[in-house]
Amino acid sequence: MPPSVPDFAVCEWLFDENLVAQKREEAELLWRGARDSGGPIFEIGRMAGGTTVILLEASGDRPVASIDFAPFHVPHTDEFFERPDIRPRVKLYVQSSRDPIPENEFGYLFIDGDHSYEGVCADIANFWGTLRSFDGKPALCAFHDAAEPGYVTSVKKAVDELIAEPGACRVVETAASMMLVEKTGEIDSEKWRRKVGDDMWRNISDPHLDEFEGPGRWSQIEPPGTARPDSENYVISSELHDIRQTKGRWRWNGLLIEKPGAHL
């Protein structure tokens, strides 16, 4: 292990503050995937930013890009992202993973975004071709909620179809619902886009979101702890078929939480 990569213990604070949605064994597998791969890293779905911290801590000085349609950062993760040794190598996008980004080559993918079958297929269609080996290390991809026993049916269906693609990948390891696979070949991305269907591609944007001045104006559907959304400023997301609360305002144990603007 390179000396610049610390031990997983440096991430214990994320569990103490409930900033990681994964079980500890899942997070440790995510860490190992980052440690054992090479090149840039791309994460789809960061929520409070806990998994982004794990990827940054496990990857030495490699660049990490993360995308989330509606993140809910907390002060401690935002402070971590602003550290002088971290800020130059992290790019945090607040947008759909169906919208383009400048980066187009990665050595490690973590897919934990839209959990619908169509959403997972769309992410595979868009990003499997960006995954390649760097520095003689395997090209790896981690999927949350894809493995037995704690899988989400729609996620497992899409990932099982990827595994069944001749020559596309092999399963490296699983931990609870986290699955780590090694890319061994390409897929027909157009075929995977056809799995999604035209209706989804037409409906991925929500016209209500056009009313907002910029990113960082709404948050995820699962705030930390016992938080509940404030009673005003709701929009319906046609992309994920859920209710998201705008302006990053949540009631948590009687307190009104304001989400800071996103870092771009």
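The values are calculated or read from the model by the stated rules, or taken from the named source; none is laboratory data. These figures come from a predicted structure and were not determined experimentally. Because the Cβ atoms are built from the backbone with ideal geometry, glycine has one as well, and the counts that use them run over all protein chains shown. What goes into the accessible areas is simple: the full protein's heavy atoms, side chains included, and nothing from ligands, DNA or RNA. Shrake-Rupley method; radii C 1.70, N 1.55, O 1.52, S 1.80 Å.
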Worksheet entry | The listed residue being assigned to a strand (DSSP E or B) and in contact with a Gly (Cβ under 8 Å, 6 or more places away or on another chain), out of Leu109, Leu180 | Leu180
Practice prompt. Name, by its number, the condition in (1) touching an Asp or Glu at 6+ places or on another chain (Cβ under 7 Å); (2) free of Cβ contacts under 8 Å to residues at least 60 places away in the same chain that does not hold for Pro40.
Written response: (2)
Practice prompt. Go through (1) at pLDDT 95 or above; (2) open to solvent by less than 40 Å² (accessible area, probe 1.4 Å) and name the single condition Gly119 misses.
Written response: (1)
Worksheet item: Any idea which of Glu222, Glu148 is surrounded by fewer than 18 Cβ atoms within 10 Å (Cβ to Cβ), acidic (Asp, Glu), in contact with a Ser or Thr (Cβ under 9 Å, 6 or more places away or on another chain) and at pLDDT below 95?
Response: Glu148
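The rows are residues; the columns are (1) surrounded by fewer than 19 Cβ atoms within 10 Å (Cβ to Cβ); (2) within 17 Å of Gly45 (Cα to Cα); (3) not small (Gly, Ala, Ser).
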residue	(1), (2), (3)
Asp99	yes, yes, yes
His115	yes, yes, yes
Ile124	no, yes, yes
Gly129	yes, no, no
Phe134	yes, no, yes
Ala139	no, no, no
Ala142	no, yes, no
Asp160	yes, no, yes
Item to complete: Could you please let me know if Val196 is surrounded by 19 or more Cβ atoms within 10 Å (Cβ to Cβ), without any contact (Cβ under 8 Å) to a residue 40 or more places away in the chain and farther than 19 Å from Met47 by Cβ?
Response: no
Worksheet item: Tell me, which helices (runs of 4 or more DSSP H) lie completely within the range 11-79 with 3 or more residues that are open to solvent by 30 Å² or more (accessible area, probe 1.4 Å)?
Response: 12-16, 24-36
Worksheet item: Right, Asp188: more than 25 Å from Glu26 (Cα to Cα), without any contact (Cβ under 8 Å) to a residue 24 or more places away in the chain, of a type in the set (Asp, Glu) and open to solvent by 60 Å² or more (accessible area, probe 1.4 Å) or not?
Response: yes
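So which of Trp31, Trp13 ends up being over 23 Å from Thr184 (Cβ atoms) and at pLDDT 90 or above?
Trp13
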Practice prompt. Scan the range 80-97 residue by residue and report those that are among the basic types (Lys, Arg) and either surrounded by fewer than 16 Cβ atoms within 10 Å (Cβ to Cβ) or part of a helix (DSSP H, G or I) (or both).
Written response: Arg83, Arg87, Arg89
Worksheet item: Under the condition of being of a type in the set (Ser, Thr, Tyr) and within 17 Å of Glu26 (Cα to Cα), which residue from the range 162-185 is surrounded by the fewest Cβ atoms within 10 Å (Cβ to Cβ)?
Response: Thr174
